[in-house]
Amino acid sequence: MTPVRWGLLKVLWRQAMPATAIGALGLALFSLAWPDVMTPRDPWPGLIVLAQCLLLGVLFGRCESPSFAYVYSRGYSRDALWGHMMLASALSVLTAWLVAGLVVWTHLRSLLHDRLLHSPYFPIMAPRETWVPLVWLGLYLLLVPACHYAWIRRAQPTKGGQGGNFVVVGLLAALLVGFDMVRYLDGWFAWLAGASYVAVVACLVLGGRVLHRSLEARA
Amino acid sequence: MSDHAVQTTELGRDFGEVKALDGLSLAVPRGTILTLLGPNGAGKTTLLRILMGLIEPTRGQAFVLTAPSRAQPAGVAGCIAYVGDRCEPANWASPTMLEDLQAGASKTFDRALFRDYCKRRDLSLRRPYGSMSKGQRRWVLTSLALACRPELVLLDEPADGLDPAARKALYDAIRDHVNENDATAIVTTHILGDVERVADEVAIIDAGRLILHAPLEDLRDRVRQVEIPASTSPPDLSEVASVLGCVRLGATSIVWIKRNGLDDDDVRRRLGAGVTIRHVGLEALYLAIAEHRPVVGTSDGRETQ
């Protein structure tokens, strides 16, 4: 287990800032402005989460940029770099998620829609929304390792460049279909879907870690 | 512990169809400064990147401080410092931020030394990297590398953009670091005056191959260029000299030798008629290799291009 290197984390955190800003602003604005009662099936949060995760993948995965080569040539082991990149991604995601979550949980959203916008749903329906941000967190949990895996796989020196993208898109499509089916099925199938979600996340994290050891900084 | 800080064997690296390195074998003794010379695209930067573990070789092996260049353990990676071409921090990073970044990777990083280096060039520690001049950027990066007190420092054109005074100060700092810490340095440069100033050994590579590797003193005093026409039967050079490198230019083989105690007349007598021997200085030798043409001129100890 690598101890936290604050100097490295600070640089990676700063590097992730554009993605953090997009996620935090996007989710906060959605939470404040969405006129209906929020549900897990609202498309906008999904798109904002996807945009943030894709941007994190792009910002950390520019393996042909001079700044990438710089960080990778400081003497950190590949596992330390990978671990800190995951940590910085987690901090970015948690920041965006907490900002949006606080809007919901502190009843700021409910107050705004009740007092200022005179929405008929609030404050009565506010308790039904409190768990919705948890779904966003679940989506982050899947998309962050998926987007990281895609660029790490693409940066492998001896393998086909686009293979990683296809793997990730296929996995995500299968999971989205699986999630949608869970609504109609109970019992063991729901558990199986949940277990497969955990397995996919774990495989992407572990696979990314292993592949990251042999990627090239090609600036 | 190996006597060599760096050892490569038949090292090769391809970028698509291009062979950036092609069977390069090189051993760099500990405690020396090796300057790596070669024309643009010769493979110098590729070699340093492989040694740093940024890219992997297509063929052959490279050992750095006895560990394979790939999969360097953290303990080894932290003992190597690198200043690379196209390897720069983001523009928003300040020297303080870079200092913290480096200190996390290297247990021997000396913050006071780094700050002293910055002070020497009146560099603010809070100034963003992107707002610095090219020379200031190189100074900061090289200072960070030397402040790690690394066992091995790889410097890819560290003096690029520096004014003459700063360049002298930089090479003095490199020399001091190597002497004080029994460290090893590999420096690439295109400025031959820098080589004379700092090098213990010189290696010249071209088209991914090692053409010549010798101590600077030997290059100054004992290296000769031997031109052997194809019509002449190849002489046995082993008795009179060590072969440092060779190229084939049309109908002539050009061989660079280091004399084994014999003077030029003795060598000429032993190699026989038809063979021309010329004295070559470092600059002439480098230009001969870079431009793929032999040193021309009289064979009495003077050379011209």
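The values are calculated or read from the model by the stated rules, or taken from the named source; none is laboratory data. These figures come from a predicted structure and were not determined experimentally. Methodologically, a virtual Cβ is constructed for each residue, glycine included, from the backbone with ideal geometry; neighbour enumeration extends over all protein chains shown.
This table checks each residue for (1) assigned by TED's automatic domain parsing to the domain that holds B:G12; (2) in contact with a helix residue (DSSP H, G or I) (Cβ under 7 Å, 6 or more places away or on another chain).
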residue	(1), (2)
B:I174	yes, yes
B:H177	yes, yes
B:D182	yes, no
B:T188	yes, yes
B:I191	yes, no
B:R197	yes, yes
B:P215	no, no
B:E227	no, no
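None of A:L81, A:L12 is part of a helix (DSSP H, G or I), at pLDDT below 95, buried (at least 21 other Cβ atoms within 10 Å of the Cβ) and aliphatic (A, V, I, L, M) except A:L81. Within the stretch A:193-213, the set of residues being free of Cβ contacts under 8 Å to residues at least 12 places away in the same chain and of a type in the set (A, V, I, L, M) comprises A:A195, A:V198, A:A199, A:A202, A:L206, A:V210. Looking across the stretch A:14-28, the residues that are farther than 30 Å from A:S110 by Cα and within 11 Å of another protein chain (Cβ to nearest Cβ) come down to A:R14, A:Q15.
Can you find, within the stretch A:60-98, the residue that is farthest from the other protein chains (Cβ to nearest Cβ) among those that are aliphatic (A, V, I, L, M) and out of contact with any Leu (no Cβ under 9 Å at 6 or more places or on another chain)? Ranking the qualifying residues of the stretch A:60-98, first place goes to A:L98.
Within the stretch B:153-168, is there a residue that is part of a loop (DSSP other than H, G, I, E, B) and over 24 Å from the mean Cα position of the chain (by Cα)?
Restricting attention to the stretch B:153-168, the residues satisfying the condition of being part of a loop (DSSP other than H, G, I, E, B) are B:157-163.
So of that shortlist, the ones also over 24 Å from the mean Cα position of the chain (by Cα) come out as none.
The answer is no, given that none of the residues of the stretch B:153-168 is part of a loop (DSSP other than H, G, I, E, B) and over 24 Å from the mean Cα position of the chain (by Cα).
In this entry, B:L26 is excluded by the filter for residues that are modelled with pLDDT of 90 or more, more than 14 Å from chain A (Cβ to nearest Cβ) and within 21 Å of A:C63 (Cβ to Cβ).
Taking the stretch B:62-119 as the range and being of a type in the set (D, E) and in contact with a Gly (Cβ under 7 Å, 6 or more places away or on another chain) as the test, only B:D100 passes.
Among the residues in the stretch B:52-72, are any assigned to a helix (DSSP H, G or I) and not charged (D, E, K, R)?
Residues of the stretch B:52-72 that are assigned to a helix (DSSP H, G or I), as a first pass: B:52.
So of that shortlist, the ones also not charged (D, E, K, R) come out as B:52.
Yes; the residues of the stretch B:52-72 include at least one that is assigned to a helix (DSSP H, G or I) and not charged (D, E, K, R).
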